[in-house]
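Below: the structure, in structure tokens.
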Amino acid sequence: MPSFDHLLEFIVPEQRFPGDFLWGAATSAYQVEGAVDEDGRGPSVWDTFAAVPGNVKNGDTGAVAADHYHRLDADLDLMASLGLRGYRFSIAWPRVQPEGTGRPDRRGLDFYRRLVAGLTERGIRPAATLFHWDLPQALQDAGGWENRDTAKRFADYAEIVFDALEIRDWLTINEPKTVVDCGYRWGVHAPGVRDDGRAFVALHHLLLAHGLAARVLHERHPGRRVGPALNLHPVYPADDRPGTAAAVRHQDGLENRLYLDPILTGAYPADTLEWIARRSPMPEHVLDGDLATIAEPVDVLGVQYYNPLVVDAEGNRVLRHPTAQLDWLEIYPKGLYDTLVRLTRDYRPVPIMVTENGVAAADEVGPDGRVHDEGRVAFLRDHLSALAGALAEGVPVEGYFVWSLLDNFEWAEGYDARFGVVHVDYATQGRTPKDSALWYRDVITTGRLP
Ligand code: FCB
């Protein structure tokens, strides 16, 4: 991996983090658990999608993944040894309700009860995501997110896990935009649809599901907190040609305002909605009261930042910065600063947690038994420096969860793209903390960037 040192374009004087800053790492169920046929788990859309040749690189699937389901205790010890103060994981809906409806399977809930107990014993704060893309296949067969009923089923599922698990912080839907774009517009993720008309109908029901679940939490468990986990992409002009500013605004609508506006202000952005209405029956699916539901107050906003988007007057993406192993992952740390500052500038202040940020590389364990991922160390340092800059501007960021704790199943990219701060040898399931994990542990201990 190239060195990204030159990317530290701006110097932030204060690199010290608050003493109660929540230093964490994140994973998601299908990407790490494996054990897809065990303890009553039903199939999810990702089992189905990954089974189709050509959908995932090398024909990889999440059937075994990092085998976290069987290695829970050792992985909990690993988290403690890295000094983590927080752990963000997702709950597999098909473990809790194998068909997406009806009585919960106790075995599925027990796994997460053990996880939460293990974290609590080790002084690690859990943050749970309700939905990280593994929709029960039975619900997909009934129309998936295009079916309004799925949002109601989601609220029922949310009620079950809210009541079963002692967790203060909850994230509802992970990256609704990725489901819409990758899953329904471009067909590169489950369920593999390529249809703008259907995609934006799914979008509305994903947001409705978020709002319904948030309302359930507020009604049943006052004092706990809930919010969405949104991947935000700052959009920049490639040039100053006529038309570029409008293209930037349009792209910003699709990337950011389409999610932030309804959730934080109770209205879809008019310009984006008008564009959508020309290609999708989505507006007909927005019923009276839906926007009030979607705008159920957010107690904590999950922000996920990977890359900026630079667009030209035709709306095409222009690559301006170095990219990591995956070509979409253009590295631009200041984009995190811009995103965080923009949130407080354009929306009412909400406590923020950076629920994902990280970089992929083809890491290998060297002859010395270590993984020298200096590119990731530079990436993390520069992004945390950007975060410190936003804190200095008064942006209420409470925590940061590196993506990811472990190398894992990177969706359509399979296992080649390694995002972990801990290396996983998939042949033996051995774990090796990379240099970045050791570096991160020191940051956690000292509360400052070296
Ligand atoms: C995000 C996903 C996460 C992981 C990272 C690299 O879009 O939420 O599961 O795949 O990208």
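Numbers at a glance
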item: For segment 19-449: relative contact order, % (alpha-carbon pairs under 8 angstrom, 6 or more apart); result: 17 percent
item: Convex hull of segment 118-182 built on C-alpha atoms - directionally averaged projected area, nm²; result: 5.3 nm²
item: Volume in Å³ per residue [convex hull over Cα atoms, computed for segment 34-179]; result: 121 Å³
item: Local net charge near residue 327, Cβ-Cβ under 14 Å (Lys/Arg +1, Asp/Glu -1); result: -1
item: Over segment 169-262, equivalent-ellipsoid semi-axes from the Cα gyration tensor in Å; result: 29, 18, 10
item: Cα centroid separation - segment 68-131 against segment 171-193, whole Å; result: 23 Å
item: Kirkwood Rh (inverse of mean 1/r, distinct Cα pairs), the chain, angstrom; result: 22.0 Å
item: Selected from 289, 42, 399 as most flexible by GNM, with the chain as the system and alpha-carbon contacts under 10 Å; result: 289
item: GNM flexibility winner over the chain from 163, 327, 67 (Cα, springs under 10 Å); result: 327
item: Charge dipole magnitude, Cβ of K and R +1, D and E -1 - the chain, Cα centre, debye nearest 20; result: 760 debye
item: Highest-fluctuation residue, 413, 255, 33 considered, GNM on the chain with Cα pairs under 10 Å; result: 413
item: Under 5 Å, built H, 5+ apart or other chain: amide partners of residue 100; result: none
item: Sites residue 117 and residue 147 - FRET efficiency at Förster radius 35 Å, r taken between beta-carbons, to 0.05; result: 0.50
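Throughout, read-outs are computed from the coordinates displayed, never taken from laboratory work. These figures come from a predicted structure and were not determined experimentally. Cβ coordinates were reconstructed from backbone atoms using ideal geometry, including for glycine residues, and neighbour counts include every protein chain displayed.
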